[in-house]
Amino acid sequence: MRQVQNEVSRREFIKTGAAATAALAAPLILPRSVFGANERIRVAVLGVNGRGKDHIKGMMNQPGVEVATLCDPDSTISAERAKEFEKSYNRPVKTEQDLRRVFDDKEIDAVTIATPNHWHALAAIWACQAGKDVYVEKPGTHNVWEGRKLIEAAAKYSRIVQNGVQLRSSAAIQEAIGHLRKGTIGQVYMARGLVFRWRPDIGIKPDEPVPPGLDYDLWLGPARYRPFSRNHVHYNWHWTWEFGNGDVGNQGIHETDLCMWGLDVGLPNIVTAMGGKFTFNDAKETPEVLTTLYHYPEQKKLIQFEVRHWCTNTEDGATVGNIFYGTEGYLVVKGYSEYEIFFGKNREPGPKNNAGGDHYANFIAAMRARDPKIQNGPVETVHLSSALAHLGNISYRLGRTLKFDPEKEKFIGDKDANKMLKRKYRKPYVIPDKV
């Protein structure tokens, strides 16, 4: 029953988000062949320093799936991870420094992408062009324009592209969405996304020589050249605009995705954001504190999103999660697999559940069936959940409220804002207009 409800919710999500353009509504062209039930799927993990470690474990836990290659522009890290892999799984694993060699390897069926954000879309598009299926970490894009290109690539090359938003595979969260759809808390008019994560001072580190083992040109990829600094690697790239998108484009993508899914909306008409750095004098370029409003006047719905980085309270026990407000009550999502409902003025407790799921297993199932309809995190969600975060960041960086046309995916009457929908790519790491 949950799978049926989830498929209905997915169709509703794509319908509302994709009504913006015909491309979103167009079905993917299925490949001519499928993986047999017992046929081994060989996977390469791209980026193995952070989330890539979970990708390795998650894929190795899947029956009939083999992690065959670990790839990272920092060969020191990939070598460390290969030693850990051999110890854990009692067999060696191939390593590569250049992801293009992975795409050239005909023995690889799929890639998972856990690189820094600025590489996500290009790596995913190259993988599609090479005939690989893709599991891409959130955000799936570094800017709004990239999302449309990735949707086009998935359709053109008949690829399964899964967005790394694990909440969509949680049985409890699917159940929570069912409550929102059937009116358990009445008319749902607002969603609030929370990212209250402990993010300490990272200091201000000087430029320095590139350390041995790191192909820094490859690490930079599409991004504008900047001298090497520990301010950028590893993980600190999240807080530099050239490489990351701040916490709304980090942890926040799980919540932006759930806000849109729960409210059954696509991209907004009005965006306003305010925040800044109030605590630390460090190298972070992105705001430590950020509040963003996404307004849907015709639907009479609102998304409120808040990022905090330091000492804070919880909100009904949630520091990372979502709150949905309805005319009869509200629903709180905590973490990745728990929800609870409260009714009326006195907050009387209602339904609750805590049950997870396996997002990697869902990806592999879609691969074997060659059927994007069974995906919990299809390629459309890559674009929409990431784009929502990007729109808020653009409003923050320009310091003004912006009007947006979700059908054309352009800002209305604002050339400066429209310039920020796409980046300038550093050759040869370029996403073409025609993928």
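Screening the candidates 291, 286, 319 for the property of being surrounded by fewer than 22 Cβ atoms within 10 Å (Cβ to Cβ) and over 22 Å from residue 174 (Cα atoms) yields one hit, 291. Might you check whether a residue that is free of Cβ contacts under 8 Å to residues at least 60 places away in the same chain and in contact with a Ser or Thr (Cβ under 9 Å, 6 or more places away or on another chain) occurs anywhere in the stretch 409-417? Yes; the residues of the stretch 409-417 include at least one that is free of Cβ contacts under 8 Å to residues at least 60 places away in the same chain and in contact with a Ser or Thr (Cβ under 9 Å, 6 or more places away or on another chain).
Pairing residues of the stretch 342-370 that are more than 30 Å from residue 60 (Cα to Cα) with residues that are assigned to a helix (DSSP H, G or I) and charged (D, E, K, R), at Cβ distances under 9 Å and at least 6 apart in sequence or on separate chains, gives 351/175.
Condition test on residue 88, is it more than 26 Å from residue 121 (Cβ to Cβ), of a type in the set (Gly, Ala, Ser) and at pLDDT 95 or above?
It is true that residue 88 is more than 26 Å from residue 121 (Cβ to Cβ), of a type in the set (Gly, Ala, Ser) and at pLDDT 95 or above.
Restricted to the stretch 263-318, the set of strands (runs of 3 or more DSSP E) holding at least 1 residues that are polar (S, T, N, Q) and closer than 19 Å to residue 334 by Cβ comprises 301-308. Of the helices (runs of 4 or more DSSP H) that lie entirely inside the stretch 28-135, those containing 1 or more residues that are among the acidic types (Asp, Glu) and over 27 Å from residue 381 (Cα atoms) span 75-89, 99-104. The residues of the stretch 336-369 that are over 30 Å from residue 159 (Cα atoms) and out of contact with any helix residue (DSSP H, G or I) (no Cβ under 8 Å at 6 or more places or on another chain), listed by number, are 340, 342, 343, 344, 345, 346, 347, 348, 349, 350, 352. Of the residues making up the stretch 226-280, those that are outside the structural domain of residue 192 (by TED's automatic domain parsing) and under 16 Å from residue 394 (Cα atoms) number 0. One residue stands out among those in the stretch 207-220 that are within 16 Å of residue 96 (Cα to Cα) and in a loop (DSSP other than H, G, I, E, B): the one that is farthest from the chain's Cα centre (by Cα), which is 212. All of (1) in contact with an Asp or Glu (Cβ under 8 Å, 6 or more places away or on another chain); (2) in a helix (DSSP H, G or I) hold for residue 193 with one exception: (2).
The numbered conditions (1) in the same structural domain as residue 350 (by TED's automatic domain parsing); (2) among the β-branched types (Val, Ile, Thr); (3) in contact with a His (Cβ under 6 Å, 6 or more places away or on another chain) are all true for residue 144 except (1).
The values are calculated or read from the model by the stated rules, or taken from the named source; none is laboratory data. Please read these numbers as outputs of a predicted model, since none were measured by experiment. So basically every Cβ, Gly included, is an ideal-geometry build from the backbone, and we count neighbours across all protein chains shown.
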